[in-house]
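Step one of this worksheet: look at the structure below.
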Amino acid sequence: MSYYFAGLNKFSCNVIHTQWKPTISNCILLNRREARNLSRTRKTFKRHHNTTSNGQINQMLNQLPLYASGEIVRGFGRGSKELGIPTANFPLEVVKSLPESLLTGVYYGWANVDNGSVHKMVLSVGWNPFYNNTEKSVETHMLHEFNCDLYGQLLKICIVGYLRPEKSFDSLEALITAIKVDIEQAKTHLDTPENKKLQEATFFAKNPSECECK
């Protein structure tokens, strides 16, 4: 298993690959239930990506969890206004720094802002076919309501697992319904003991300056 780190601070967007070394604090044992979950994830991914080889699928899934960080920038402004689902967006430099083997789609994981509390999140990686975006984006919807503007603050994410490929929808209502289903599935996946451990990853460690947004 390997970890990828992207954008370790607001001004660095380099991808650093480090081999994962098991220790008492970070060793997560793959028990039989986890193995079954991983097998189901692979089958789901393969079903939705018929043209993707097993090697590509394994490469993508085996690099999870994947960690990235960067400054929150303004996106398209559609999350809150049109969807009622606000997102925090990475700058293009961070998007481009992610491994090419991370295929487009919807993922789930953990996230925090300015080293504050770590919350569940759903992540969209890709071009958002419903809106026909011309640039690839990484949009994070944190399952938490913040009491202030997040632009310019540091977002850290841990991508834990895959939910579905990106696709277009017949209507805005259908898109919103799909996102709500994604959110509920993410909650379920992140409540498993093996995934909850990642909420305590040292990557999210707080520093002396607490986040002002709660």
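Points to keep in mind about this one:
- Qualifying residue in the range 139-147 (condition: in contact with a Gly (Cβ under 7 Å, 6 or more places away or on another chain), farther than 22 Å from E200 by Cβ, in a strand (DSSP E or B) and open to solvent by 10 Å² or more (accessible area, probe 1.4 Å)): yes
- One residue from V118, V73, V122 being over 21 Å from P165 (Cα atoms) and modelled with pLDDT of 95 or more: V118
- Filtered by the rule that a residue be more than 14 Å from L66 (Cα to Cα) and open to solvent by less than 50 Å² (accessible area, probe 1.4 Å), the range 88-103 gives A88, N89, F90, P91.
- Per-region count, the range 90-121, residues touching a Lys or Arg at 6+ places or on another chain (Cβ under 9 Å), assigned to a strand (DSSP E or B) and under 22 Å from E194 (Cα atoms): 7
- Residue in the range 177-184 that is within 19 Å of W127 (Cα to Cα) and of a type in the set (D, E) present: yes
- Filter result for E210 (open to solvent by 80 Å² or more (accessible area, probe 1.4 Å) and either modelled with pLDDT of 95 or more or under 21 Å from F90 (Cβ atoms) (or both)): no
- Single unsatisfied condition, D182 versus (1) at pLDDT 95 or above; (2) in contact with a Gly (Cβ under 6 Å, 6 or more places away or on another chain): (2)
- So A174, is it modelled with pLDDT under 95 and either surrounded by fewer than 19 Cβ atoms within 10 Å (Cβ to Cβ) or not in a loop (DSSP other than H, G, I, E, B) (or both): yes
- Evaluation of Y162 against (1) touching a strand residue (DSSP E or B) at 6+ places or on another chain (Cβ under 9 Å); (2) free of Cβ contacts under 8 Å to residues at least 60 places away in the same chain (one fails), failing number: (2)
The values are calculated or read from the model by the stated rules, or taken from the named source; none is laboratory data. Being a predicted model, the structure only gives us computed values, none of them experimental. A quick note on method: Cβ atoms are made from the backbone with ideal geometry, for glycine too, and the neighbour counts reach across all protein chains shown. For accessibility, only protein heavy atoms count, side chains too; no ligands or nucleic acids. Shrake-Rupley method; radii C 1.70, N 1.55, O 1.52, S 1.80 Å.
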